[in-house]
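Everything on this sheet refers to the single structure shown next.
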Amino acid sequence: MPDRFDLPAGFRWGVSTASFQIEGATEEDGRGASIWDVFAARPGAVRDGHTGAVACDHYHRYPEDIALMQGLGLDGYRFSIAWPRVQPTGAGAVNPAGLAFYDRLVDALLAAGITPLPTLFHWDLPQGLEDRGGWLNRDTAHRFAEYAAVVADRLGDRVPAWITLNEPFVHMVYGYALGIHAPGRTLMLDALPAAHHQLLGHGLAAAALSERGLAVMIANNLTPVWSASSSDADLAAAQAYDALHNRLFTDPLLLGRYPDLSAYGVGPDLGGAVRPGDLELIAATPLDGLGVNYYNPTRIAAPTDPGLPFTEAPIEGVPRTAFDWPVVPDGLRELLTTFHTRYGTALPPVTITENGCSTTATLDDQPRIDYLAGHLDALAAAVADGVDVRGYYTWSLMDNLEWAEGLTQRFGLVHVDFTTQRRTPKASFAWYRQLIAAHRARHAR
Ligand code: IFM
């Protein structure tokens, strides 16, 4: 395969997964309950009643999964650590068997020549903390830092860079505002403290990681926001949406302040959650890298009802994934160049920590190849425009449990038969392997 993407030497190739979506073994070796175990047990919460009890059985099959990664020739593997495996109730006592699993995983990755890139929190909060308010409770931020220190003390000798949180926007909106995800709360704008406490948790954990000489990243779900028209009302709505989805989770980290949320009737203290010194703490440890999870742009129009200052408008005339998400590869270039302009020298090097699509195709997944190729073209265009992008981790290594959609959305380079747990590489697997090899060969010359 020709290396048409023209990315720099040293560019890192990877895949991403998350603990609850692949591990299974939810009751094994002392793991405590997570909010997703409790949520998935609620009738109707997850499609077809699927749970995380088995998922991809990665807890037992990780050697086979690492062999697949080695077959791809990856530089790095982004996975997440299940907090309730490490601290079953989210505070205090550490579960040695839980830590030992990640120890084995890290050692096996290193033996395969793959650099581990762990995420500390990818939505599976210990239920014990949810019982005390979850991320609405400021104390959760402190517990998160304590947990980060425990894990870093154990793995930091072998793991150089860490991601604190995955997609705090999605966790706040789906989990606390709309109730589509665990913990299933429907607080609408009263969910905002969950944003602040996650960011505070990031700041406290980042300090703990940095004190140990470890590099710190965060992975945000980011989207270019398109105004449905050039009317003042649509433009104002798009600006309000951008503040909520993008700026709320990036401005405090890079600029040390929250964006203007007055369109939501919310002041700079986010409903009383922000205390003096918090913003300084959130920004105190500079990010060594910003993780960007990109899937699609969002088109926004003026509100049709008084509850929120925007309404989402459809994006027409583009292909769609099996999830019905619009496929707009150039949105990745637009997002990256917008951030480059917006944050200037405050923007740290970027890594694409997630990008991919679900398809209905089983093994001949040409739509996934087209999706990835289009996005890598857009990424290369952003790099040519001056954005410092260091790596690309596709979502996902293998089909897995897609949260409230259960096992119905298949995002993997590898097909998983959830009855037999048989893994079968799809066409995109061979394509990605060849692309990585071609990139290396070009830079070896
Ligand atoms: O599966 C999720 C992942 O957990 C977070 N980012 C988006 C992916 C696809 O929906």
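The values are calculated or read from the model by the stated rules, or taken from the named source; none is laboratory data. Given the structure is predicted, the values throughout are model-derived calculations rather than measurements. Backbone-built Cβ (ideal geometry, glycine too); neighbour counts: all protein chains shown. In case anyone asks, the SASA skips ligands and DNA or RNA and just uses the protein heavy atoms, side chains included. Shrake-Rupley method; radii C 1.70, N 1.55, O 1.52, S 1.80 Å.
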Fill in the blank from the handout: Among residues of the stretch 224-246 being in contact with a Ser or Thr (Cβ under 8 Å, 6 or more places away or on another chain) and over 17 Å from PHE339 (Cα atoms), the residue surrounded by the fewest Cβ atoms within 10 Å (Cβ to Cβ) is LEU235
Completion exercise
Going through (1) aromatic (Phe, Trp, Tyr); (2) buried (at least 23 other Cβ atoms within 10 Å of the Cβ); (3) more than 19 Å from the chain's Cα centre (by Cα) one by one, TYR62 fails only at (2)
Practice task
Take the residues in the stretch 79-95 that are touching a residue at least 60 places away in the same chain (Cβ under 8 Å) and more than 16 Å from the ligand (Cβ to nearest atom), then tell me which one is surrounded by the most Cβ atoms within 10 Å (Cβ to Cβ).
Solution key: ARG85
Exercise for the section: Note down all Cβ pairs under 6 Å where the first residue falls in the stretch 416-428 and is of a type outside the set (Gly, Ala, Ser), the second is open to solvent by 50 Å² or more (accessible area, probe 1.4 Å), and they're at least six residues apart or on different chains. Expected result: LYS426/LEU363
Exercise for the section: Determine whether the stretch 364-380 contains at least one residue that is of a type in the set (Ser, Thr, Tyr) and farther than 27 Å from ARG42 by Cβ. Expected result: yes
Practice task
Kindly provide the set of residues from the stretch 342-372 that are open to solvent by 10 Å² or more (accessible area, probe 1.4 Å) and aliphatic (A, V, I, L, M), ordered by number.
Solution key: ALA346, LEU347, ALA361, LEU363, ILE369
Fill in the blank from the handout: Taking the stretch 342-362 and keeping only residues that are part of a loop (DSSP other than H, G, I, E, B), over 24 Å from ARG4 (Cβ atoms) and more than 15 Å from the ligand (Cβ to nearest atom), one is left with LEU347, PRO348, THR360, THR362
Problem - Pairs, first touching a residue at least 60 places away in the same chain (Cβ under 8 Å) and within 20 Å of TYR392 (Cα to Cα) in the stretch 13-26, second among the aromatic types (Phe, Trp, Tyr) and assigned to a loop (DSSP other than H, G, I, E, B), C-beta under 8 Å, six or more apart - result: ALA18/TRP123
Exercise for the section: Among the residues of the stretch 426-445, count how many are open to solvent by less than 50 Å² (accessible area, probe 1.4 Å), in contact with a strand residue (DSSP E or B) (Cβ under 9 Å, 6 or more places away or on another chain) and of a type outside the set (Phe, Trp, Tyr). Expected result: 5
Problem - Residue list for the stretch 387-414, restricted to those being open to solvent by 10 Å² or more (accessible area, probe 1.4 Å), under 22 Å from GLY73 (Cα atoms) and away from the ligand (no atom under 16 Å from the Cβ) - result: ARG390
Fill in the blank from the handout: From the option list LEU117, LEU74, LEU68, single residue qualifying as part of a helix (DSSP H, G or I) and at pLDDT 95 or above is LEU68
Exercise for the section: Please report, ordered by residue number, the helices (runs of 4 or more DSSP H) entirely within the stretch 227-340 with at least 3 residues that are at pLDDT 95 or above and more than 19 Å from MET217 (Cα to Cα). Expected result: 232-245
Practice task
Inspect the stretch 186-193 for any residue being crowded, with 22+ Cβ neighbours inside 10 Å, within 16 Å of the ligand (Cβ to nearest atom) and not hydrophobic (A, V, I, L, M, F, W, C) and give the result as yes or no.
Solution key: no
Handout entry: So HIS171, is it within 16 Å of the ligand (Cβ to nearest atom) and not basic (Lys, Arg)
Key = yes
Fill in the blank from the handout: Within the stretch 46-59, residues open to solvent by 20 Å² or more (accessible area, probe 1.4 Å) and either assigned to a strand (DSSP E or B) or not hydroxyl-bearing (Ser, Thr, Tyr) (or both) come out as ARG47, ASP48, GLY49, HIS50, ALA53, VAL54, ASP57
